[in-house]
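Notes to accompany the following structure.
The values are calculated or read from the model by the stated rules, or taken from the named source; none is laboratory data. The model shown is predicted, which means the values in this text are computed figures rather than measured ones. Methodologically, a virtual Cβ is constructed for each residue, glycine included, from the backbone with ideal geometry; neighbour enumeration extends over all protein chains shown. Ligands, DNA and RNA are stripped out before the accessible areas are found, and what is left, the full protein with its side chains, is counted by its heavy atoms. Shrake-Rupley method; radii C 1.70, N 1.55, O 1.52, S 1.80 Å.
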Amino acid sequence: MECVRKMRKSLDKAKKCYAVEVEDVLDVEMLVIDGCFILELLYKFTNNKESDNRNDPIFGNILMPIYVQHDLLLLENQLPFFVLNELFDLTVARTVGISRNHNLHNYVISFFRSMWKSENNGITMMTKNNDYDHILDILHTHYRHHGANPGDGGASVVIPCASDLEYAGVMFEDGTNVWFSKPQGPFHRAQFKIPTLDLYDS
């Protein structure tokens, strides 16, 4: 009941987080059910015990957590992060207590860590939980942080997208390594050789 009361107070604020009209779609019941499902998922994953997983509908199946991860990353499935944070404070935080490791930010990073390779797989410094828009925003921030080059103060060079490079005259070729050559004259184009990128459902 406490979660329902809290979401009733937060419903109008949550509706303002969406770019499209969600008046008829978003309601208190949806916020509570979807939010608590996500929090239970994160809690179970973080406090995982192999013996408890056998009959679990998600963790009892080796592929199901992967499907759920992908589903939670879809933009249309994002809940405002402040909603998750408020529900977290009313549920999980009361169970485990709030500490440096037991916070919603770190639960999210831990659950999705297997989806990318990073030289530093440690948990990032926690910022205020309400500084994020949604789960996808956390992962985007975390990925950028770990993608930065060491020793450059955390800043990374932003490479223009492929369509902008092509528009500027860069010619793309298939190669075994990343290799860039500058134009060798006024009538030659720059060449950018890159390995083929294989894309999978994950």
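Numbers at a glance
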item	result
67, 43, ranked by accessible area, largest first (probe 1.4 Å)	67, 43
R0 of 45 Å, Cβ-Cβ distance residue 67-residue 181: FRET efficiency to nearest 0.05	0.60
Residues of the stretch 2-37 with amide N under 18 Å of a point placed 7 Å along Cα→Cβ from residue 96	35-37
Accessible area of residue 139 in the full protein assembly, 1.4 Å probe (Å², nearest 10)	10
Relative contact order, percent, the stretch 1-117 [alpha-carbon distance under 8 Å, six or more residues apart]	33
For the stretch 1-46, size of Cβ-based charge dipole, Lys and Arg +1, Asp and Glu -1, in debye	300
Cleavage-rule hits (GluC sites (Glu not before Pro)) in the stretch 1-68: DSSP loop, at most 14 neighbouring Cβ within 10 angstrom	21, 23
Solvent exposure ordering (accessible area, 1.4 Å, most first) of 25, 96	25, 96
Amide H within-cut-off set for residue 171, under 5 Å, with H built and near neighbours excluded	190, 191, 192
